[in-house]
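Participant: Please read through the structure below; I'll follow up with questions.
The values are calculated or read from the model by the stated rules, or taken from the named source; none is laboratory data. Not measured: the values here are computed from a predicted model. With ideal geometry, Cβ positions are generated from the backbone for all residues, glycine too; neighbour counts draw on all protein chains shown. Each accessible area value is taken on the protein alone, full model and side chains, heavy atoms only, with ligands, DNA and RNA left out. Shrake-Rupley method; radii C 1.70, N 1.55, O 1.52, S 1.80 Å.
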Amino acid sequence: MKPLIIANWKCNPTTLKGAKLLFNGVKKGIKDVKNVEVVICPPFPYLQLSRSFLDSCIGLGGQNLFYEKKGAFTGEVSAAMLKDIGCKYVIVGHSERKEKDEIVAKKMRASLGAGLKPILCIENEKALKNRLKGINDISKLSVAYEPIWAIGTGKACSPKAAREKQILIRRILTQIYSAKIAEKVRILYGGSITAKNVANYRLDGLLVGSASLDAKEFVKIIKGVSKS
Ligand code: PGA
């Protein structure tokens, strides 16, 4: 399993020009990187632009989705739409969205139903069971452990604590499903990852917020993972 590095651009950058620059910077910087899977999750309006990147080494993901397929739901974007526009992945239940577990579980089911690979965010392992309610097949699942105090604060969780959480999360997945299935799930860490601290995290991947908005910094992070 290649490590998975996700860029969560959140509500950035504010112009299409800025998004293009960022895409290009990352694309150029990681031309020779082979042993890492890189996915960019831009704001919805920039997904269309990203089509041209789909053949490259960078995958595309949504930052959120709505759980219904279609209909009169103003402002919502469905899993089917994300899939159709070329997304492989979708971030589900990011803590900044403050969604109830029940809603997150609905979104998880919708994303899997449409053939997307969900990156399920959890602030702690207790949320896992409820957020996976009604899901039998987790072969496309990644879990991102993101303690809320580490997001955007510059205070990353220690590599040791992140590793312990990874073990705990896998143990819970083993209890709900089976060891054979659980060992295939990538368990990522997210929260204040930078080019400086990345080398210490030996996990299945990372969810990167603010540091993914600087192409050079993000490329350094990817290369840091690729070397480890
Ligand atoms: P951060 O954000 O890297 O800026 O801490 C991580 C996230 O929210 O996914």
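Participant: From the phi of every residue in the range 108-116, what ³J(HN,Hα) in whole Hz does the Karplus formula 6.51 cos²θ - 1.76 cosθ + 1.60 yield, where θ is phi - 60° and glycine or proline is x?
Facilitator: 4, 5, 5, 5, 5, x, 8, x, 8
Participant: Starting from the residue with the highest accessible area, list L112, L207 in decreasing order, probe 1.4 Å.
Facilitator: I get L112, L207, largest accessible area first.
Participant: Gain in length, E76 to K160, computed as 0.36 nm per residue apart minus the alpha-carbon separation, to one decimal in nm?
Facilitator: 26.4 nm
Participant: Here is a follow-up. Report the net charge of residues surrounding T194, where surrounding means a beta-carbon distance below 9 angstrom and charges are Lys +1, Arg +1, Asp -1, Glu -1.
Facilitator: That works out to +1.
Participant: Let me ask you something else. Using amide H atoms built 1.01 Å from N in the peptide plane, name the residues 5+ places from I91, or on other chains, whose amide H lies under 5 Å from its own.
Facilitator: The list, which skips near neighbours in sequence, is G62, Q63, N64, I119.
Participant: Could you pull the Rg and Dmax for the range 114-180, using just the Cα atoms, both in Å?
Facilitator: Gyration radius and largest Cα-Cα distance of the range 114-180: 12.8, 36 Å.
Participant: Could you please report the charge total around T174, scoring K, R as +1 and D, E as -1 over all other residues with beta-carbon less than 10 angstrom from its beta-carbon? Spell out each step's value before the answer.
Facilitator: Working: positive: R170, R171, K180; negative: E183.
Surrounding charge for T174 is +2.
Participant: Same structure, new question: For the chain, what is the calculated [θ] at 222 nm in deg cm²/dmol (nearest 500), taking -39500 (n - 2.57) for each run of four or more DSSP H residues and dividing by its residue count?
Facilitator: Working: 7 runs with 73 residues, N = 228.
Using -39500 (n - 2.57) per qualifying helix, the result is -9500 deg cm²/dmol.
Participant: Given a 10 angstrom Cα cut-off, can you work out which residue in L21, L47, L188 is the most mobile in a GNM of the chain?
Facilitator: L21
Participant: Per residue and in Å³, how big is the convex hull formed by the alpha-carbon atoms of the chain?
Facilitator: Cα convex hull per residue, to the nearest whole number: 115 Å³.
Participant: Something else now. Order of 70-76, 218-224, 26-32 by packing, highest average Cβ count within 10 Å first?
Facilitator: The densest-packed peptide leads the list: 218-224, 26-32, 70-76.
Participant: Provide the FRET efficiency to the nearest 0.05 for the D84-S56 pair, computing r from the beta carbons and using R0 = 25 Å.
Facilitator: Here the calculated transfer efficiency is 0.80.
Participant: Let me ask something else. Give me the percent of accessible area attributable to carbon and sulfur for the chain, probe 1.4 angstrom.
Facilitator: Details: 6010 of 11440 Å².
Summing carbon and sulfur atoms, their accessible area is 53 percent of the total for the chain.
Participant: While we're here: By its C-alpha gyration tensor, with a ≥ b ≥ c as the square roots of the eigenvalues, how is the range 96-228 shaped: rounded for a/c under 1.5, else prolate for a/b larger than b/c, else oblate?
Facilitator: Prolate shape, in that a/c is at least 1.5 and a/b is the bigger ratio.
Participant: I would also like to ask the following. I need the phi-derived Karplus couplings for the range 72-82: 6.51 cos²θ - 1.76 cosθ + 1.60, θ = phi - 60°, integer Hz, Gly and Pro marked x.
Facilitator: Computed from phi, the couplings for the range 72-82 are 7, 9, 4, x, 9, 10, 8, 4, 4, 5, 4 Hz.
Participant: Oh, and also: Per residue, how much accessible surface does the range 87-217 expose to a 1.4 Å probe? Answer in Å², no decimals.
Facilitator: Heavy-atom accessible area per residue stands at 48 Å².
Participant: Next question. Could you check which residue among L173, L116, L60 shows the biggest mean-square fluctuation in a GNM of the chain with a 10 Å Cα cutoff?
Facilitator: Maximum among the listed residues: L173.
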